[in-house]
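Here's the structure, in structure tokens; my notes come after.
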Amino acid sequence: MSALPDRKGRFGEFGGQFVPETLMPAVGELEREYKRWSRDAEFKKELDGLHREYTGRPTLLYHARRLSEHVGGAKIYLKREDLCHTGAHKINNALGQGLLAKRMGKKRIIAETGAGQHGVATATMTALMDMTCDVYMGVDDVQRQSLNVFRMKLLGANVSAVESGSRTLKDAINEAMRDWVTNIATTYYLVGSTMGPHPYPLIVRDFQSVIGKEARKQILKVEDRLPDVLIACVGGGSNAMGLFHPFLRDTNVRMIGVEAAGGGLDGGRHSASISKGEVGVLHGKKTYLLQDELGQIREAHSIAPGLDYPGVGPEHAWLHDTGRAEYRAITDEQAIEALQLLARTEGIVCALESSHAVAEAARVARDMSKDSIIVVNLSGRGDKDMPSVADYLGVEL
Ligand SMILES: *Cc1c(COP(=O)(O)O)cnc(C)c1O
């Protein structure tokens, strides 16, 4: 199972390299270089060292006793990616690809960002590794996420506001791809999730798999067995793939990916690409996408900025179709409730993205016996979301 993607970069019918001819040399170069460095012992050692000394790995696997008691049923464990430097799992991928870019001799990094979290992780890495950084961001996102824009600039990055299209993430991605074609010789395009043309979904999954590898060791140490269920939220799909991948062959371990149902799956204001989308091609890959009758991409919605993308990583599309993983959806309201529940029972204020996973865990745990085990990926901390949460609850700050 984990032998995928195949040589064409496909997970079943999904994934692939749907890029203009001018980009083929760039993806080809990346494929060759990644193959080489991913097998290099020195590369691995350097990345492990960075994670230990800079990211703060291994992150804790925490038994949430009060939450489990409150819900009644299975034991819930939290994989604490919220404790990573910069407050979320995105740094795992940014550091991995940063080292890869360095080995490839590229000193200029470009990235796209929606809510700004991937932009901040990338700018953090380029500061640390002394590289230049240009981040593309839709104009509307620049206005909505001014705090993250300020953070990126403080870290030394340039932020380019993209005026075209819907002026959000998908237009920023188009602009980043255009830049990459033009500046291939000097520039590395750092994709932020299990997205884009092959080999990006593979690269990002591999760098995030540190989450699942650690969780596997940690649960075996404390419980002496594998968990019954893994749960993670799915935006592009990187924190979920990172947790799931090292367990793919363990067919007794159920996997549940949680999409954003936003205002409700029937209303059209959601980001549930697997639950409600159709197969299509966007940003270099074939996968489930939110589209209208004419195949135009529909705008996604979620209160969690990191889940707000109209597509999903191709490996998730495949895991869905093969039945190896299940996909559910949690509304804005349920996510807010779960965030409050976790805060009050455990003293942990998680990100709104992560609270989608917590909400689903509470739902699933109820119907399981007291000795069963759930591992939830707590992908990030909630500080960034406090204004949105307050606003949703009608509290003026
Ligand atoms: C970006 C983000 C996500 C969603 O991205 P994935 O690639 O699906 O993991 C989830 N949680 C947090 C905290 C994020 O910043």
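Read the figures in this text as sums done on the coordinates, not as results from a lab. Small disclaimer: the values here were computed from a predicted structure and weren't measured. When we count neighbours, we look across all protein chains shown, and the Cβ atoms used for this are built from the backbone with ideal geometry, even at glycine.
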CD proxy, 222 nm, the chain: helix-only mean residue ellipticity via -39,500 (n - 2.57) per DSSP H run with n ≥ 4, per residue, nearest 500, stands at -12500 deg cm²/dmol
Degrees separating the helix 169-182 axis from the principal Cα axis of the chain, which is the longest one
30 degrees
Please work out the Cα center distance from region 337-392 to region 208-255, rounded to the nearest Å.
17 Å
Descending packing, highest mean Cβ count within 10 Å first, for 124-131, 352-359 is 352-359, 124-131
FRET efficiency (residue 32, residue 130; Cβ distance; R0 41 Å; to 0.05) is 0.95
Computed over region 255-397: relative contact order in percent, which uses C-alpha pairs under 8 Å that are six or more apart:
22 percent
Tensor-based shape of region 193-346 (alpha-carbon gyration tensor, a/c under 1.5 rounded, otherwise prolate or oblate):
oblate
Interatomic Cα distance distribution for region 1-98, bins of 5 angstrom, percent:
2, 10, 13, 13, 14, 15, 14, 9, 5, 3, 1, 0
Near residue 107, which aspartates and glutamates are there with a Cα under 15 Å away, not counting those fewer than 8 places off in the same chain?
130, 134, 179
Starting from the coordinates of the alpha-carbon atoms of region 206-250, obtain the Kirkwood hydrodynamic radius over all distinct pairs and give the value in Å to one decimal.
10.7 Å
Classify region 38-158: rounded, prolate or oblate, from the alpha-carbon gyration tensor (a ≥ b ≥ c, eigenvalue square roots; a/c under 1.5 rounded; otherwise prolate if a/b is larger than b/c)?
oblate
Per-peptide average of other Cβ atoms within 10 Å, ordering 136-143, 192-199, 387-394 highest first
192-199, 136-143, 387-394
Counting DSSP beta bridges with both ends in region 234-336, the antiparallel % (nearest 5):
55 percent
If I take R0 = 45 Å and measure r between the Cβ atoms of residue 221 and residue 392 in this structure, what FRET efficiency does the formula 1/(1 + (r/R0)^6) give, to the nearest 0.05?
0.70
Residues of region 235-274 with the amide nitrogen closer than 20 Å to a label point 7 Å from the Cα of residue 371, along Cα-to-Cβ, please.
252-254
Taking a ≥ b ≥ c as the square roots of the eigenvalues of the Cα gyration tensor of region 280-342, is the shape rounded (a/c under 1.5), prolate (a/b larger than b/c) or oblate?
oblate
Rounded to the nearest 0.05, what FRET efficiency do residue 182 and residue 8 have when you use their Cβ-Cβ distance and R0 = 25 Å?
0.45
Of 44/102; 8/285; 213/370; 106/285; 8/217, which ones are farther than 21 Å apart at the Cα?
213/370; 106/285; 8/217
Residue 22 and residue 45 label points (each 7 Å along its Cα→Cβ direction) are spaced in nm at 4.2 nm
For the chain, just the Cα set please: Rg and Dmax, both in angstrom.
19.5, 57
Take every Cα pair under 8 Å in the chain that's 6+ residues apart, average their separations, divide by the length, and report that relative contact order as a whole percent.
20 percent
